[in-house]
Amino acid sequence: MAVPFDERADLIWFDGKLIPTAESKISVLTHGLHYASCVFEGERAYGGVVFESTKHSERLKNSAKILDFEIPYSVAEIDAAKRLVLEKNNQKDAYVRPIAWRGSEQLGVSAQNNKIHLAIATWEWPSYFDPAQRLKGIRLDFSEYRRPDPRTAPCLAKAAGLYMICTISKHRAERKGYADAMMLDWQGRVAECTGANIFFVREGKIHTPIADCFLDGITRRTVIELARRRGLELIERRIMPDELTGFSECFITGSAAEVTPVSEIAHWRFTPGAITKQLADDYTAEVQPKGKAAAA
């Protein structure tokens, strides 16, 4: 049986200090818990090096600003803290989770004087999806919830509150035997999955939704760059659900998912093909520490 996360025998960086994970406690009256004033990142370390660490730290700081608070550490300090936790936990291939939130000094909608906390945890994590199923392509359900209008929520922040509908949708999908769910936006256009961006292939061209009401993932941007290096045409545009019939391949991207082929979305079917495999291989090579990749 897996050890619960709060009982792991490793260390967490908490407000500038390394402490045992079991001792990393916060108050139940924390504003971040009651009012979702909390932002986070999901990152991966390969060979002990966090892929695109600085971009993640910059996005964490920006997400906090969107939620109207300032993380009291610089990007360089956050990058250094991530390296320290990985080193002290002796983890090479791991998931990295920085999280920042408003504390418990004041509990109410307004909490402008609350202390801002920052913690960084790391843990070893294999493939997000079952390895055998992943090669065949995962199955996605069709989510009932939609990504909100940017005028109604801070959509471009990686904020904890925005994942409420993702958890509900993923749970419903898993209970029906799917690996995840695809979400539409508030206007009924294809958006993303519960924790990953989505791409489609038709006649050698790659299509992906415009990321203006959901997160423009760092993995998403990496894969777009990899596709262009290959000379593949990549089109960012509005995609309606009834277009899915015309696509031959589909894959999702994210720090956790990496590049994962999709074989099914509700009643639509796809065949993991050459473009998906090429980009998955290219991404695997891209995330390796440069010295390690050169020696391979």
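The values are calculated or read from the model by the stated rules, or taken from the named source; none is laboratory data. Values in this document were obtained by computation on a predicted structure and should not be read as measured data. A quick note on method: Cβ atoms are made from the backbone with ideal geometry, for glycine too, and the neighbour counts reach across all protein chains shown. Side chains are part of the model used for accessible areas, which takes the heavy atoms of the whole protein and leaves out ligands, DNA and RNA. Shrake-Rupley method; radii C 1.70, N 1.55, O 1.52, S 1.80 Å.
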ask   = When only C-alpha pairs under 8 Å and at least 6 residues apart count, what is the relative contact order of the chain, in percent?
value = 17 percent
query = Could you give me the ³J(HN,Hα) list for the stretch 65-75, computed from phi with Karplus coefficients 6.51, -1.76, 1.60 and θ = phi - 60°, whole Hz, x at Gly and Pro?
reply = 4, 4, 8, 6, 9, 10, 6, x, 9, 6, 4
note = For the stretch 19-153, the per residue accessible area (1.4 Å probe, Å²) is 51 Å²
inquiry  = With a 1.4 Å probe and all protein chains kept in place, how much accessible area does Trp186 have, in Å² rounded to the nearest 10?
reply    = 90 Å²
inquiry  = Suppose a student asked you for the relative contact order of the stretch 201-294, using Cα pairs under 8 Å spaced at least 6 residues apart; what percent would you report?
reply    = 28 percent
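Apply the a/c threshold of 1.5 to the C-alpha gyration tensor of the stretch 1-77 and tell me whether it is rounded, prolate or oblate.
The shape class here is oblate.
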query = Setting aside same-chain residues fewer than 8 positions from Lys158, which lysines have a Cα under 16 Å from its Cα?
reply = Lys55, Lys61, Lys65
key: Cβ crowding within 10 Å averaged over residues, with 4-10, 156-162, 242-248 ranked highest first   = 156-162, 242-248, 4-10
request  = Could you tell me the accessible area of Val109 in Å² (1.4 Å probe, neighbours in place), rounded to the nearest ten?
outcome  = 130 Å²
remark   = Here the stretch 159-165 yields Karplus 3J(HN,Hα) values (6.51, -1.76, 1.60; θ = phi - 60°; whole Hz; Gly and Pro given as x) of 9, 4, x, 6, 9, 4, 5
task = Run the 1.4 Å probe and let me know the accessible area of His267, rounded to the nearest 10 Å².
result = 130 Å²
query = Around Glu124, what is the net charge, scoring Lys/Arg as +1 and Asp/Glu as -1 over all other residues with Cβ under 12 Å from its Cβ?
reply = +1
key: For Ile12, residues with placed amide H under 5 Å, excluding near neighbours   = Ile19, Thr21
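Among rounded, prolate and oblate, which fits the stretch 76-216 when a ≥ b ≥ c are the square roots of the eigenvalues of its C-alpha gyration tensor, a/c under 1.5 means rounded, and a/b larger than b/c means prolate? If you can, show how the numbers build up before the last one.
Working: a/c = 1.96, a/b = 1.26, b/c = 1.56.
Here the stretch 76-216 falls in the oblate category.
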Normalised alpha carbon radius of gyration of the chain [divisor 2.2 N^0.38 Å] = 1.02
note = In whole percent, the fraction of accessible protein surface over the stretch 15-63 that belongs to carbon or sulfur atoms, probe radius 1.4 Å, stands at 57 percent
Integer Hz, Karplus 6.51/-1.76/1.60 couplings in order for the stretch 175-185, x for Gly and Pro = 5, 9, x, 8, 8, 6, 9, 8, 10, 8, 8
query = Which one of His171, Ile120, Thr271 has its Cα pushed farthest toward the positive end of the charge dipole of the chain, where Lys and Arg give +1 and Asp and Glu give -1 at the Cβ?
reply = Thr271
message = Run the reach check for Lys136 against lysines, Cα to Cα strictly under 28 Å, same-chain hits fewer than 8 apart removed. What comes back?
response = Lys92, Lys170, Lys176, Lys205, Lys277
key: In degrees, nearest ten, helix 218-229 long axis to first principal axis of the chain (Cα)   = 40 degrees
message = Can you sort Met240, Met164, Met183 by solvent-accessible area, 1.4 Å probe, largest first?
response = Met164, Met240, Met183
Alpha carbon centroid spacing (whole Å) that separates the stretch 64-127 from the stretch 1-60 = 6 Å
task = Heavy atoms only, probe 1.4 Å: what % of the accessible area of the stretch 158-283 goes to carbon and sulfur, would you let me know?
result = 50 percent
inquiry  = Under the rule a/c < 1.5 gives rounded, and otherwise a/b versus b/c splits prolate from oblate, where does the stretch 151-222 land using the Cα gyration tensor?
reply    = oblate
